[in-house]
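Structure first, commentary second.
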Amino acid sequence: MSTDLLIRGFFSVLFGGIFAWNFYEMRDRETRRELKDGQLRYRSYPDPSLLPTILLSLLILDLILEGWQKTGRIFLGMYVSLFFQISLYYILLSLSLPLLRRYVQARTCAALWLLPTMLYCTVYNFMRLSQPLWVLRLPAGWLQWLVLLWALGFFGVLLGRTVSHLRFRREILGPARPVEDEAVLALWDRLHREMGYRLHQRYRLMVSPAVGTPVSIGLFSRSIRVVLPRLDYNQEDLELILLHELVHIGRRDCSAKFFFTFCTALCWFNPLVWLAMGRSADDMELSCDETVLAEADDRRRRQYASLLLETAGDERGYTTCLSASASAMRYRLKNVVHPCKRLSGGLVAGLLLFVLMMTSGVTAVSYPAGTGREVLFGGDPEGYDILYASWKNETGDSVGDCGDPEALLRLLADLPVERLAGMASFSGDKSRLYATCGGTGKAGIAVTLYGEFMTVAPIRHPGDTEAYYLSRPIPQETLEALFAEGDPLPF
């Protein structure tokens, strides 16, 4: 087993174990009567903003340090990897939901939709695989048009959903007014204290004629509003409603809606992802129902079910609301009135996170770049010499030295080369050929071949390494013939 795979396995087990432990810690916190000072009863795990924030930060940093061309290749590799992994994960999760909902808690099912946000860990070098396992080869001339088409779809979906959210926010908050009923505000303050919120963390409670169901809206803490319709609720109904919305806020479910939109935009041309994302909101509502009714008796459960039936609302944009969608109503009512005892599911979540991390970066994309003549030698190999060459076999042992450097130079010049965009470190200990090339007035380069892959780096600037895919690598028997005999070459 390669060193990079062992390192990834270690960190994947570590993150998966921490994730599973947090499920049990969160369950203990939610059922605890008294909380420690400054401790919130409900919170999101994992944070739904992690992956979009990290990718945006890396994009800005790479644009500053690397320029737009290299940044484009880096993010093309990240996108291809994330697209295949997120698409497959959400499709399999959708198919597994009936079984998962039967045996594990709703809060676990809701958290499973957020697991891909933890993939930000795998974009760092220490978590990358040595080589991609599968390369998607694009024909010449297709790349720029495919990237442009994807970018238009990505920003179109993201911008469209965001504009819809802002319009809906303005529509319901425009005529809204702060709640002034002292009894309602006293209940609101009490629920805040029970959930661990301090005075400066209290959220604003509004009433608006533009909503038919209680709604939480806002992506950021300062912009969050809980909006009630102009209906007369009794004290018990109002407590259930406000508790439901505060659980949503504590778990950052509005931010989770944005993350699901981000994933949909990332995979916008995959219709199965659109279908899968439609089911994520149902699990968030089921999770909230489960939490609100954790210790409720039959009378309180019937009361809550009656609230679900009486409310009808609009859930556009990045919002959460008490009302259920038509497709989920029957299932929600069944779980509210006839709850079943289910497992916590922390181990399931930890295991799935381990699998996600271990399979990250297995795909890459390549597109034609010419031959080694253009890529390595600027179109003319004349004047270049092999300064040093070595070859390691599959066991990692050096096999002699190159006896015919001119033949090796010709082989490198004739290689069909495709530029590779992917998340790989190429630091494994597999069989590889290493050669340095240079000459009078020529910039020295270091070339390393890993079977079907090749990396090229300027000797004076080894950090500027470029990766390539070889559609026709040098045959093993050719290398054996070149390195079987011969005098050692000097450094």
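The values are calculated or read from the model by the stated rules, or taken from the named source; none is laboratory data. Predicted model only: the values in this text are computed from it and were never measured. Don't worry about glycine lacking a Cβ; one is built from the backbone with ideal geometry, like all the others, and counts go over all protein chains shown.
Quick notes on this structure:
- Considering (1) closer than 29 Å to TRP134 by Cα; (2) in a helix (DSSP H, G or I), the lone condition that PRO48 does not fulfil carries the number (2).
- Residue match in segment 171-182 (condition: on the phi < 0 side of the Ramachandran plot, surrounded by fewer than 12 Cβ atoms within 10 Å (Cβ to Cβ), free of Cβ contacts under 8 Å to residues at least 12 places away in the same chain and over 32 Å from the mean Cα position of the chain (by Cα)): yes
- Residue among VAL226, VAL207, VAL247 that alone is modelled with pLDDT of 90 or more, within 25 Å of ARG29 (Cα to Cα) and in contact with a strand residue (DSSP E or B) (Cβ under 8 Å, 6 or more places away or on another chain): VAL226
- Flag for SER130 being in contact with a helix residue (DSSP H, G or I) (Cβ under 8 Å, 6 or more places away or on another chain), among the small types (Gly, Ala, Ser) and either at pLDDT below 80 or farther than 30 Å from TRP142 by Cα (or both): no
- Only a single criterion out of (1) within 21 Å of VAL337 (Cβ to Cβ); (2) surrounded by 22 or more Cβ atoms within 10 Å (Cβ to Cβ); (3) not basic (Lys, Arg) is not satisfied by ILE217, namely (1).
- Scanning segment 1-33 for residues that are at pLDDT 80 or above, polar (S, T, N, Q) and within 29 Å of ARG190 (Cβ to Cβ) returns a single hit, ASN22.
- Cβ pairs under 8 Å, 6+ apart, first in segment 466-491 and farther than 13 Å from ALA389 by Cβ and of a type in the set (Phe, Trp, Tyr), second outside any strand (DSSP E or B) and at pLDDT 75 or above: TYR468/VAL375; TYR469/GLU452
Matching residues to (1) more than 23 Å from GLN144 (Cβ to Cβ); (2) buried (at least 17 other Cβ atoms within 10 Å of the Cβ); (3) modelled with pLDDT of 80 or more:
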{"position": "LEU35", "(1), (2), (3)": "yes, no, no"}
{"position": "ARG43", "(1), (2), (3)": "yes, no, yes"}
{"position": "SER57", "(1), (2), (3)": "yes, no, yes"}
{"position": "GLU66", "(1), (2), (3)": "no, no, no"}
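- Taking the criterion of being touching a Phe, Trp or Tyr at 6+ places or on another chain (Cβ under 9 Å), surrounded by fewer than 21 Cβ atoms within 10 Å (Cβ to Cβ) and either of a type in the set (A, V, I, L, M) or farther than 30 Å from ARG472 by Cβ (or both), the residues of segment 356-379 that qualify are VAL362, ALA369.
- In the set TRP188, TRP145, only one residue is in contact with a strand residue (DSSP E or B) (Cβ under 6 Å, 6 or more places away or on another chain), assigned by TED's automatic domain parsing to the domain that holds ASN234 and assigned to a helix (DSSP H, G or I); that residue is TRP188.
- Taking the numbered list (1) at pLDDT 90 or above; (2) crowded, with 23+ Cβ neighbours inside 10 Å in turn, TYR318 passes all entries but (1).
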